[in-house]
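A quick write-up on the structure given underneath.
Read the figures in this text as sums done on the coordinates, not as results from a lab. Quantities reported herein were computed from a predicted structural model and do not represent experimental measurements. We place every Cβ from the backbone using ideal geometry, glycine too, and count neighbours over all the protein chains shown.
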Amino acid sequence: MSKKSKVFIWIIATLSVVVIGLLFYQFNDILSVVNSDKIYTGITINNIEIGDLTKKEAFEKLLERDKEIFSTPILNLYYKNVNKDLYYDDIMADNNLEELIAKAFNIGREGTVIDRYIGVKKMVKNPQNLEIVYTPDKEKVFKVIESMKKEIEINPTNATMQKSKGTSFVIKAGIDGTIINSDKTFEDIKTALDEKETKAKVYVDVVKPEFTSKDLEKIQTQIATFSTNFNKNDISRSTNLQVATSLINGSIVKAGEIFSVNNTIKERTEANGYKTAHVIVNGEYVDGIGGGICQVATTLYNAVLLAELKVVERRNHSLTSAYVKPGRDATVSGSYLDFKFKNTTDKPIYLEGYISGGTINYTIYGGLDFVPKNKIDFESVVIKRIPPPPEKIVEDPTMEIGKRKVKEKSKEGMVVKLYKLTYDANNVLLKREYVSQSTYKPMQAEVLVGTKKPIAVTAATTVQEDNTIDTNVVQPITR
């Protein structure tokens, strides 16, 4: 072999070793790049470079940036002159940062080794950016909205009407209210965040009052009225009637609403203006705070019957009442006995109550369509009479023997059925309908009988100044 050949072979061998070495080095470089435990260069999240970082390092880097986000308002929520700065923690759900970092790490890790290597090198010149998704949490947003309600929401004010005895109605217009539309506000917050805006609007809906002036203008027709009499000289009882009536007077009952006397006249206490007067307890008259208010319930009950409204709750007294026929009374007591009725018309009704002299009156006003078209009356039919027990004798040591005094008169008990009578314009009975049955206890008379013995006396003689004896002077005997 010539010297030239040997040199050529050596050169070829050397080049082969170099090429193989270079190829081996390049292959190792490719493997080290594609098999790196770090995110490939050229990958960003929210335009922040995270290439050549491990997943943990990338998370910490992005978390450091999030600290700035957490400490800076991301949105201003406003309504007119009410403003509230919202921070990340106030409204945001957990973001998808960990998910994005995992996704960033997996970019370029599919395909053959060569394909992956080429892709990684291309990303250096053409970076790939991923965006963190910041999604508002509905529950958090609604809590923020709830905290703003006091400053934004306004309760509507109903129109009111007032009528004094013998006067026309005076109507005061109502005022619209506002209520936050939470769903619409939430959607506006989402849109503002998506479009990277700095403000979002609180949306409100108008809330109309239950009663408007127009509603009340339609209920000024008298539907029914009823009166009862009382002893105006009984000051305490008269006061109780006045207090309860003043609380009911002017009440407006919505269509379909149930009216409660107990809920309207407040608790019977001295602080609420009530006095001590006779009340019926277990068939006996005793003193109690608020005595007499059952006459208020009774008078209103009869107006309700005449207006043909639905009676929801009514109980009769244990004894018959002097101010109304049996079967037509209604009692209230504490929180367990109540008189309730339902407005069965399709319009509100107005309750007028007033006291004049010794008369209490209740009048119900409503729509013209609900004035009874026929004459209405009621009939109380006694189906059973219960005689009172023998009188109760109570000895009274302050009264002389032989004297009697009736402390409580006896009362007959009875079972009464009430019927509603409907007449036409010619006073011809059209219908007789059963309404209710009431049972009243008899009341035992209580009579005081004197037991005091008369003072015994005897005749005695006295010596007068002229020394004559007077036998006509009666002297008491000292015992």
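Within straight-line reach of residue 232, meaning a Cα separation under 16 Å, sit the following lysines at least 8 residues removed in sequence or on another chain: 275.
Bridgeable lysines around residue 103 (alpha carbons under 22 Å apart, same-chain partners fewer than 8 residues away excluded): 38, 55, 56, 61, 121, 122, 125. Less than 24 Å apart at the alpha-carbon level, and either on another chain or at least 8 residues along: which lysines does that give for residue 201? Within the straight-line cut-off, residue 201 pairs with 80, 84, 138, 140, 143, 149, 150, 184, 190.
For residue 257, the residues whose amide H sits under 5 Å from its own are 343, ignoring neighbours fewer than 5 places away on the same chain, with H placed 1.01 Å from N.
Are there DSSP H segments in the chain that both extend 30 Å or more along their axis (alpha-carbon positions) and score a mean Kyte-Doolittle hydropathy of at least 0.5? List them, or say none. Correct list, ordered by number: 3-34.
Work out the P(r) tail for the chain: percent of alpha carbon pairs separated by more than 32 Å, whole number.
On the way: 78881 of 114481 pairs.
Roughly 69 percent, once rounded to a whole number.
Once the Cα-Cα distance is subtracted from the 0.36 nm per residue extended length, the residue 313 to residue 61 segment shows a gain of 83.5 nm. Are any of the pairs 218/375; 214/340; 163/417 more than 29 Å apart by Cα-Cα distance, and if so, which? Listed pairs above 29 Å: 163/417. Amide H contacts of residue 130 (H built 1.01 Å from N, in plane; Pro and chain starts excluded): 44, 45, 46, 47 sit under 5 Å, all sequence-distant by 5 or more or on other chains.
Mind giving me the FRET efficiency for residue 124 and residue 206? R0 is 60 Å, r the Cβ-Cβ distance, nearest 0.05 is fine.
Numbers: r = 59 Å, r/R0 = 0.99.
The value I calculate is 0.50.
So how do 321-332, 248-259, 356-367, 428-439 stack up, highest first, on mean other-Cβ count within 10 Å?
Working: 321-332: 20.8, 248-259: 16.6, 356-367: 18.8, 428-439: 12.6.
Those peptides, ordered most packed to least, come out 321-332, 356-367, 248-259, 428-439.
Orientation-averaged projection of the range 273-369 equals 7.2 nm² [convex hull of Cα atoms, one quarter of hull surface area].
Can you figure out the FRET efficiency of residue 131 with residue 181, using R₀ = 22 Å and their beta-carbon distance, to the nearest 0.05? For R0 = 22 Å, the calculated efficiency reads 0.15. When both the range 239-281 and the range 306-350 are represented by their alpha-carbon centers, they are found 13 Å apart.
Calculate, in nm to one decimal, what residue 428 and residue 110 gain on full extension: separation in residues at 0.36 nm each, minus their alpha carbon distance. Spell out each step's value before the answer.
Numbers: separation 318, 0.36 × 318 = 114.48 nm, distance 10.00 nm.
Gain on stretching residue 428 to residue 110: 104.5 nm.
Take 36-43, 184-191 and order them by the average number of nearby Cβ atoms within 10 Å per residue, most first; the result is 36-43, 184-191. Working ranking of peptides 338-344, 97-103 by packing, defined as the average number of other Cβ atoms within 10 Å per residue, highest first, is 338-344, 97-103.
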